[in-house]
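**Q** Below are the structure tokens for one structure; questions will follow.
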């Protein structure tokens, strides 16, 4: 059974949520997809009967191998589309996730691969997330959330892990985008704010924002 556009959307979001937790709750899934709580169990039942997800008692759901493959195919289309929207169509990185969510529903492999060709076969989306290849293999990513580092560490921003437009606009205003060189020059105790040097400027980030910033 080939997954429908709605099924692909669910699988991709389950994959994203599984990056932070092995299993995914229906509550988290409903919140991330912006759907009603009763809608999620109905779709999960369809996905389970098709062999894309399995239920973990008292914990939630997780992708099967088949589900992971389908999720990575959808994520590839979505992230290539984001690159296309930024590099070819001139949209900003804070706009493209929502647009890609809508447009990828009608995107087939032929269109997706032409977009990849037109953008130089990118390996990262505008936010730095890796793009799976056509076989569903992810490029190796060796980075760490900046919250786990201490004063004195230097590195380069690899990923900005948020889809919230206002946060992305703020990161861009501070020049904290993939490829930016940073140094941690101060950190308040008890999970207080972190002071970073970005180029020649010093910026201060609160705890919630540091959770979105990943560096090499």
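**Q** Would you confirm whether any residue within segment 16-25 is under 24 Å from residue 211 (Cβ atoms), touching a helix residue (DSSP H, G or I) at 6+ places or on another chain (Cβ under 6 Å) and not in a helix (DSSP H, G or I)?
**A** The answer is yes; a qualifying residue exists.
**Q** The conditions are (1) touching a residue at least 24 places away in the same chain (Cβ under 8 Å); (2) in the same structural domain as residue 70 (by TED's automatic domain parsing); (3) more than 24 Å from residue 96 (Cβ to Cβ), and residue 128 fails exactly one of them. Which is it?
**A** Condition (3) is where residue 128 drops out.
**Q** Within segment 122-156, work out how many residues are part of a helix (DSSP H, G or I) and out of contact with any strand residue (DSSP E or B) (no Cβ under 6 Å at 6 or more places or on another chain).
**A** Residues that pass the stated criteria total 2.
**Q** Further, regarding this structure: Counting only residues that are in contact with a helix residue (DSSP H, G or I) (Cβ under 6 Å, 6 or more places away or on another chain), modelled with pLDDT of 95 or more and assigned to a loop (DSSP other than H, G, I, E, B), how many does segment 94-121 have?
**A** 2
**Q** Turning to a different aspect of this structure: Kindly provide the set of residues from segment 42-52 that are free of Cβ contacts under 8 Å to residues at least 40 places away in the same chain and surrounded by 15 or more Cβ atoms within 10 Å (Cβ to Cβ), ordered by number.
**A** Across segment 42-52, the qualifying residues are 43, 44, 46, 48.
**Q** Sticking with this one: For segment 160-209: of the residues being touching a helix residue (DSSP H, G or I) at 6+ places or on another chain (Cβ under 6 Å) and farther than 20 Å from residue 125 by Cα, which is surrounded by the fewest Cβ atoms within 10 Å (Cβ to Cβ)?
**A** For segment 160-209, the residue satisfying everything is 191.
**Q** Report yes if some residue within segment 60-68 is in the same structural domain as residue 125 (by TED's automatic domain parsing), in a helix (DSSP H, G or I), without any contact (Cβ under 8 Å) to a residue 60 or more places away in the chain and more than 30 Å from residue 118 (Cα to Cα); otherwise report no.
**A** yes
The values are calculated or read from the model by the stated rules, or taken from the named source; none is laboratory data. Computed from a prediction, not measured in an experiment: that's the story for all the values here. Here Cβ is always computed from backbone atoms with ideal geometry, including for glycine, and neighbour counts include all displayed protein chains.
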